[in-house]
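So the structure is just underneath, and the comments pick up after that.
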């Protein structure tokens, strides 16, 4: 139980294009999801907290107009990197906070990550 | 405010030896503490967590950690390392349910023959 998926696992795009990454909780409902960014050999940095049905809360220094987050349902959150540039290349990881039943409410369950490469 | 310090960015042990990965935390309220493991190009997998219950927490794959309030520590141990334990390990702290996690910088565990 408590499985989180991400799609795609890897994406390569040209500079200036937009890329959408999906994060799904497969066997539990998650009112809260988180988006992280991880640079090579570094720790995870929280980008934003996504709550179902409301606007995301962004961490300081994260451009909300560049990293659009939508949490339209209890099992799906999306991160869209708009007008991507090479410096946006990174490993993006989502997590879902357990809601009940299969998933503990005090634990974040992580997706497998999406590697974005912007040429 | 909360923070996590992981001492040692790289730890190397022999197969069968004791694994000890250190984590110290800072939190203005009683913390929730987590250890996650990350294999190359993958997401994070929860090893174990402390949420104000028993101070000695047992997790998956033979790992355990002890919460010591007086030392503000939550070190991760495993009696006997296995080659498959080689990975990056992250300690994290939150202030409670539905709270965001603050991660340490990670410790890369290498297991040698």
Rounded to the nearest 5, what is the percent of antiparallel bridges among the DSSP beta bridges in the protein assembly as shown? 90 percent
Counting only the backbone N, which residues of segment A:25-44 are under 13 Å from the spot 7 Å out from the Cα of residue A:57 toward its beta-carbon? A:32-35
Could you work out the relative contact order of segment A:24-119, using alpha carbon pairs under 8 angstrom and six or more residues apart, expressed as a whole percent? 30 percent
Alpha-carbon centroid distance for the pair segment B:70-113 / segment B:15-57, whole angstrom: 4 Å
Checking a compactness column here: for the protein assembly as shown, what do you get for Rg(Cα) / (2.2 N^0.38 Å), N being the number of residues? 1.01
Once both labels are modelled 7 Å past Cα along the beta-carbon direction, what's the residue A:72-residue B:69 spacing in nm? 4.7 nm
Tell me the relative contact order for segment B:39-106 as a rounded percent, counting alpha carbon contacts under 8 Å between residues six or more apart. 20 percent
Inter-probe distance in nm under a simple model that places probes 7 Å from Cα toward Cβ, at residue A:85 and residue B:110: 3.7 nm
Calculated SAXS-style log₁₀ I(q)/I(0) at q = 0.15, 0.22 Å⁻¹ - segment B:1-99, Debye, Cα scatterers: -0.57, -1.20
Most fluctuating residue given options A:42, A:29, A:60, as computed from a GNM of chain A linking Cα atoms under 10 Å: A:42
Label model pair residue A:26, residue A:65: point-to-point distance (7 angstrom along the Cα→beta-carbon line) in nm is 3.8 nm
Evaluate peptide A:29-38: per residue, the Cβ atoms of other protein chains within 10 Å of its Cβ; return the mean as an integer. 2
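Each reported figure results from applying straightforward, stated rules to the coordinates on display, with no laboratory input. On a predicted model such as this, the values are computed, not experimentally measured, just so you know. FYI the Cβ positions are ideal-geometry reconstructions off the backbone, even for glycines, and counts take in every protein chain you see.
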